[in-house]
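Chemist: Next up is a structure, given as structure tokens.
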Amino acid sequence: MNPVSTHAAHGWRRLRGEPASRALLALLLVLALGCVFHSDGAFFKAGTHRDALRQASVYGILACGMTLVIISGGIDLAVGSVLALAAVLFSLTTIHWGWSPWLAIPFVLTVGAACGLASGGVAAGWRIQPFIATLAMMVFARGLAKTVSGGMKVSTAVQQADGAYRYVDVPGVFRGIDSRVLGGNLSVVTLILAVCVAVGWVLLARHRWGRQLYAIGGNEEAARLSGVPVTRTKLFAYVASGLFAAVAGLCQAAQEQQGDPEAGIGYELTAIAIVVMGGTSLMGGRGGMGLTLLGMLTIGYLEKILSLNAVPEASRLMLTGVIIVLAVLAQRRRRG
Amino acid sequence: MSATASMPRCEDRAGAVRVLARLSGITKRFGPVTVLEGVDLEVRAGEVHILAGENGAGKSTLIKILGGVHADFEGTIEVDGRPVRPASPLAAAALGVVVIFQELSLVPAMTVTDNIFLGRPRTRAGFVDDARQRAEAREILDRLGIDLEVDRRVEELPIAQQQLTEIAKALAQEARVIVMDEPTSALNAPEVAKLFTLIRQLKERGCGIVYITHKMEEIAAVADRITVLRDGRLVGTAPAVALPPGRLIQWMVGRELGEQFPRHDVTPGAERLRLERFSVPDPQQPGAFRVRDVSLTLRAGEILGIAGLQGSGASDLLLGLFGAHGRRVQGGVRLDGEPFAPRHPTASITRGIALLTNDRKASGLVLPLSIAANTTLADLPALSPGGWRRPARERRVTEAHGRRLNLRAAGIEQEVGSLSGGNQQKVVLAKWLQTRPRLLLLDEPTRGVDVGAKREIYALLDALTAEGIAILLITSELPELLALADRILVLHRGRATAEFPRGEASAEGVLQAAMGQSPVDRS
């Protein structure tokens, strides 16, 4: 094979054309924005960055699973509802039923994975469009969360047999997840996000399954004729997405100290925005976990900078919408 | 060129030949590949003009240019004596030129009426005038003697009626030049007869019809004049009466077999593959078969060529054998003497079968992925023991295949979508060689590949058979088939019609059998 062209300008242009460079550029622009509008130096405080990361973590964890599904050429709209279901179940089992976290956490994760298995089975096995299959799960899981919780927030106010409410302690596991490490400079949820990104990255970049997922997203028929177990591979992406959504639900419950059946509404769209912002293609076959991390940081910091500067939420939403379009426009691949 | 006696009506009415459309010096290139060079075609009022040629001769490209699908070409088109350059099918239709492609361009979920007026609706005050459209649709269909419910949705109709809808649509656009690309491929005998009646009516109305077909009996039934293309060049145009089947085939084939096919004498080894009454049902039409009762044997180190024109079922034979049609296939398969039931590509790959499909972009390559990712895709289970990939090992094997196949690329991380056709095909070959196949199923391995890469692929196939690999080869290029294949099996409409050993095969004989010309000699 001929050697790679070593011409410097060519190399630079190539680098600039890489999705990773472009996602990084978007992040740097947002950070530069923060340096300019630093709100009396607030942007330069460590606590600001810790909070920015903490606030973005739940979305980021959802985006990890979303990345896997999108690379396979699908979409998962159910993650917000699965998050709510997980939060409700986690609160119910630990606060009300007094389960040990060693039992509650595996249980909640299993339920999340089961949701993914169901929607993935419908999408991959029965070949129903992923949009529809996961939309159905989105509605179903929301209903299940409301059923399990009786339609109310599952909090530390536990109703007694005589109808009176008694407040119980917040479980230790909630406090643990919502705490900080490294001298108060890093939230535990951010650490959990880092683990999720790492696991997702290893699966995508280093495991056979990840390569097969890219192949399916890039050309399902070619993948099938190359011996890739298409159904199983896709199914696993949805299971992973359900699992990540359940992890996000654990974090959400711990941070709010309750399980809200209405939690996570619209989160699936933020997760998709993060993935797209990073440069992963909605057509499938292109993208990666590193890109999603960059996309998450970009959106997370953007939110933080806007709120630091006391931009009202209404304007913030509009600005975010505009910026998503601009970022995706900038990332559009130029076809030769 | 004078008008012939085969078009009396046209002459009677007009007194002279009226040219509806004239294409001159049409040249079309796709990247480095020239698919048409200096082709002329003249369509006259009231004639059926057959466009003939082997697969890949350039017929489809020519009618796509006429129909405004390929706007980027060299040469001139005149319609009614005025130079035109249709930039889209809609623009061509406005000029009165409508192409009916094999893949029909109907919207399945819309009604017959809506389809007939698609793109140029009858409107009143800016809104679609349904009542008028329906009335006009009925009128057109009545005039053609077509019995079709105008309010039925197209997807509910059998293929034949869909085809009639397409013709009605062409007439609604007041088309005078109507191009039909193998219109009978999905029709049964009575439907074909109906279509021919319709064609006769269109002729009488002064339309010019360009008709592409591979079937001799259809040429005999409808042809007024015939134009033959070969390798993208014009062989000639002649009145149908001056071109009997033997002569026509000669025109289509007439080529010297070059020296560029290196094929060594082989001593075939043990029997690698045996098919006994192998059939592949048509997944779209219950009860119909794409391949019917084909029996063959293939020995190690041998290349068995499969010849067949469009609709012969040759590709489905390979797909069925590879397990891409699932468990539906019927008949006996023996691989290395042991029974083998095709059921899934994964299982076939582990048994040492590899399939190079005839469309590398649609089903061969994952275009957004790198050369390395594509090369290792089919062999990932072996290359990643325990599930974990070994990037260094993948790089090593990819580079080894790249060197052997003389792959030209910036590096093994280059996206295959950005490679040339020849290099893309080499990546597909590398992917299958990596699985260490014992039986290679090759469907058009040199399609859309430049001459240099073709020669390299020929040399590779020869070398592979020397290693004991058995090859089933489909190619629509007859010289290639005759030179590479040790034996040739000819399919026509899913059935084997002839088998020629090397030396006894001639281009004429193969083409005759492929066009369903009887009698055929079974050797």
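The values are calculated or read from the model by the stated rules, or taken from the named source; none is laboratory data. All values derive from a computational prediction rather than experimental measurement. No Cβ is skipped: glycine too gets one built from the backbone with ideal geometry, and neighbour counts run over all protein chains shown. With ligands, DNA and RNA removed, areas are computed over all heavy atoms of the protein, side chains included. Shrake-Rupley method; radii C 1.70, N 1.55, O 1.52, S 1.80 Å.
Chemist: Quick check on A:Arg232: is it surrounded by fewer than 22 Cβ atoms within 10 Å (Cβ to Cβ), more than 10 Å from chain B (Cβ to nearest Cβ) and of a type in the set (D, E, K, R)?
Modeler: yes
Chemist: Follow-up. Being outside any strand (DSSP E or B) and open to solvent by 40 Å² or more (accessible area, probe 1.4 Å) is the filter here, so list the residues in segment B:482-515 that pass it.
Modeler: Listed by number, the residues that qualify are B:Arg493, B:Arg502, B:Gly503, B:Glu504, B:Ser506, B:Glu508, B:Gln512.
Chemist: Considering only segment B:192-210, state which residues are touching a residue at least 24 places away in the same chain (Cβ under 8 Å) and not in a helix (DSSP H, G or I).
Modeler: Of everything in segment B:192-210, those that are touching a residue at least 24 places away in the same chain (Cβ under 8 Å) and not in a helix (DSSP H, G or I) turn out to be B:Gly206, B:Cys207, B:Gly208, B:Ile209, B:Val210.
Chemist: For A:Ala145, all conditions in the list (1) open to solvent by 20 Å² or more (accessible area, probe 1.4 Å); (2) modelled with pLDDT of 95 or more hold save one; what is the number of the exception?
Modeler: (1)
Chemist: Restricting segment B:402-432 to residues that are part of a loop (DSSP other than H, G, I, E, B) and within 25 Å of A:Arg224 (Cβ to Cβ), which is farthest from the other protein chains (Cβ to nearest Cβ)?
Modeler: B:Leu419
Chemist: Would you say B:Gly332 is more than 30 Å from B:Asp40 (Cα to Cα) and either open to solvent by 10 Å² or more (accessible area, probe 1.4 Å) or of a type in the set (Gly, Ala, Ser) (or both)?
Modeler: Yes.
This table checks each residue for (1) open to solvent by 50 Å² or more (accessible area, probe 1.4 Å); (2) facing chain A (nearest Cβ under 8 Å).
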site	(1), (2)
B:His325	no, no
B:Glu338	yes, no
B:Ala341	yes, no
B:Pro345	no, yes
B:Ile353	no, no
B:Gly364	no, yes
B:Ser370	no, no
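Chemist: Give me the pairs: first residue in segment B:378-389 and outside the structural domain of B:Leu356 (by TED's automatic domain parsing) and surrounded by fewer than 18 Cβ atoms within 10 Å (Cβ to Cβ), second residue not small (Gly, Ala, Ser) and not in a helix (DSSP H, G or I), beta-carbon distance under 7 Å, and six or more apart or on different chains, which are they?
Modeler: none
Chemist: Between A:Ala223, A:Ala237, A:Ala215, which is in contact with a Ser or Thr (Cβ under 6 Å, 6 or more places away or on another chain) and surrounded by 17 or more Cβ atoms within 10 Å (Cβ to Cβ)?
Modeler: A:Ala237
Chemist: Here's something else I'd like to know. Scan segment A:123-140 for residues that are surrounded by 15 or more Cβ atoms within 10 Å (Cβ to Cβ) and not hydroxyl-bearing (Ser, Thr, Tyr) and jot them down.
Modeler: A:Ala123, A:Ala124, A:Ile128, A:Pro130, A:Ala133, A:Leu135, A:Ala136, A:Met137, A:Met138, A:Phe140
Chemist: Among (1) closer than 26 Å to A:Gly284 by Cα; (2) more than 29 Å from the chain's Cα centre (by Cα); (3) open to solvent by 20 Å² or more (accessible area, probe 1.4 Å), there is one condition B:Gly411 misses while meeting the rest; what is its number?
Modeler: Checking B:Gly411 against (1) closer than 26 Å to A:Gly284 by Cα; (2) more than 29 Å from the chain's Cα centre (by Cα); (3) open to solvent by 20 Å² or more (accessible area, probe 1.4 Å), the one that fails is (3).
Yes/no matrix, rows are residues, columns are (1) within 22 Å of A:Ile61 (Cα to Cα); (2) β-branched (Val, Ile, Thr); (3) open to solvent by 70 Å² or more (accessible area, probe 1.4 Å); (4) touching a helix residue (DSSP H, G or I) at 6+ places or on another chain (Cβ under 7 Å):
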residue: A:Leu293; (1), (2), (3), (4): yes, no, no, yes
residue: A:Ala310; (1), (2), (3), (4): no, no, yes, no
residue: A:Leu319; (1), (2), (3), (4): no, no, yes, yes
residue: A:Ala327; (1), (2), (3), (4): yes, no, no, yes
residue: A:Ala330; (1), (2), (3), (4): no, no, no, yes
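Chemist: Test B:Glu399 against the criterion of being open to solvent by 10 Å² or more (accessible area, probe 1.4 Å), of a type outside the set (Ser, Thr, Tyr), outside any helix (DSSP H, G or I) and facing another protein chain (nearest Cβ under 10 Å), and give yes or no.
Modeler: no
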